[in-house]
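Bear in mind these aren't lab numbers, they're just calculated from the coordinates by the rules spelled out. Note that the structure is predicted; figures quoted are calculated from it, not measured. Counting neighbours? That spans all protein chains shown, and the Cβs are built from the backbone with ideal geometry, glycine included.
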């Protein structure tokens, strides 16, 4: 799959643009603030059904306009098969999606059509920001490779909302009716929550070796590792993982068993009841899980340098590229948003060497000289200025 054309109306700073693309690499260049990232954001939105920069849909609509329209012609490996994907965004989170002219009711019905992976300076947040950012990173990958994962999370969040509503209504004391209702919510929370935890665990287990390989290629003597952190362990976690064993080491294979997680989850949920009542919210479950990255047994978020944190985030994104290709059996679209400017020339060369050349790749840069010494052959180049996109030779 690749994007053959892109049309935007009233999206961010663009009034109306219509661009044609090849399957190879495409460069968007121009001064900062002219809308290079907005173009990549529109492609990511068509792929994932959401922005990677904001949760507020109204921010995507051009100032003074009532709606934004994104339209892409997507070509499959079989050139006789084309798809037209259209997303209309109106204010107050009113979104309409059409695939080949047919309205789609659910995001899960189209997000795997043209998978993409975006690299940007904001990826540093995966390491430096709060646990919710890291959960979103895992969940966004799982949504792309498992069509039912999005529905699974919706179901879990619905039950979580109902349980939290019950906790808020009790005023600190549980009646017999409350207890029986709570038991039902607990059983369902554990049922669906365990599925989410297992899928996240299996995801990290699937990429941990690749992660180590990417880090070692980009950073010398890092001795990297990844550890999944359960909600019931977060308060007691130290900044050092001790013997260096991850969740996937020899001593931890038993805990990946679904029945073990289900039992621990239920036990911890019951133990946390007084705390949940006091806080009027659910403190145990995948909505509070996390993962940590370690270099030489040290938590990179707490003790790593800026360079180590950046290499960690880039390596995680490379793992996203790896697992999507492996699971979906096709090349995702790559979106490189000024990411090379953050690296020295040695690591730029290594990153370009790691990225698969078979993918359609969109690259933005304010300084095209960053590519003079790199092995990238751009099929098309566009200059962006004054809210316009012009093809250049």
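Over the stretch 315-380, the Kirkwood radius and the radius of gyration, each from Cα atoms, give a ratio Rg/Rh of 0.96.
Calculated mean residue ellipticity at 222 nm for the chain: -13000 deg cm²/dmol, from DSSP H runs with n ≥ 4 weighted as -39500 (n - 2.57), summed, divided by the residue count and rounded to 500. Binning the C-alpha pair distances of the stretch 128-303 at 5 Å intervals from 0 yields a P(r) profile of 1, 8, 15, 19, 19, 15, 11, 6, 4, 2, 1, 0, 0 %, listed from the shortest bin outward. To the nearest 10 degrees, how steep is helix 131-145 against the longest Cα principal axis of the chain, on a 0 to 90 scale? Value to nearest ten degrees: 70.
Compared with the dominant principal axis of the Cα atoms in the chain, helix 149-169 is inclined by about 50°. Thinking of the stretch 269-328 as a set of Cα atoms, what percent of all their pairs are more than 17 Å apart? For the stretch 269-328, the share of Cα pairs beyond 17 Å comes to 62 percent.
Can you work out the base-10 log of I(q)/I(0) for the stretch 253-393 at q = 0.15, 0.16, 0.18, 0.22 1/Å, using the Debye formula on its C-alpha atoms alone? After summing over all Cα pairs, the log10 values are -0.96, -1.02, -1.15, -1.37. One Cα centroid belongs to the stretch 261-322, the other to the stretch 134-166; the line between them spans 16 Å.
For 73, 319, what ranking results if the residue with the fewest other Cβ atoms within 10 Å of its Cβ goes first? Could the numbers behind the result be given before it?
Numbers: 73 15, 319 26.
Starting with the residue having the fewest Cβ neighbours, the order is 73, 319.
Put in line by how crowded their Cβ is, counting other Cβ atoms within 10 Å and starting with the fewest, 90, 275, 301 read 275, 90, 301.
Can you give the % of DSSP beta bridges in the chain that are antiparallel, to the nearest 5? Show your work: numbers first, answer last.
Working: 46 of 64 bridges.
Beta bridges within the chain, antiparallel portion: roughly 70 percent.
Using equal-weight Cα scatterers in the Debye expression, the normalised intensity of the chain in log10 at q = 0.07, 0.11, 0.13 Å⁻¹ is -0.36, -0.88, -1.16. Computed from Cα positions, the angle between helix 258-271 and the longest principal axis of the chain comes to roughly 60 degrees. Across the chain, Cα pairs under 8 Å and at least six residues apart give a relative contact order of 26 percent. For 199, 391, 138, 99, the sequence from fewest to most other C-beta atoms within 10 Å is 391, 99, 199, 138.
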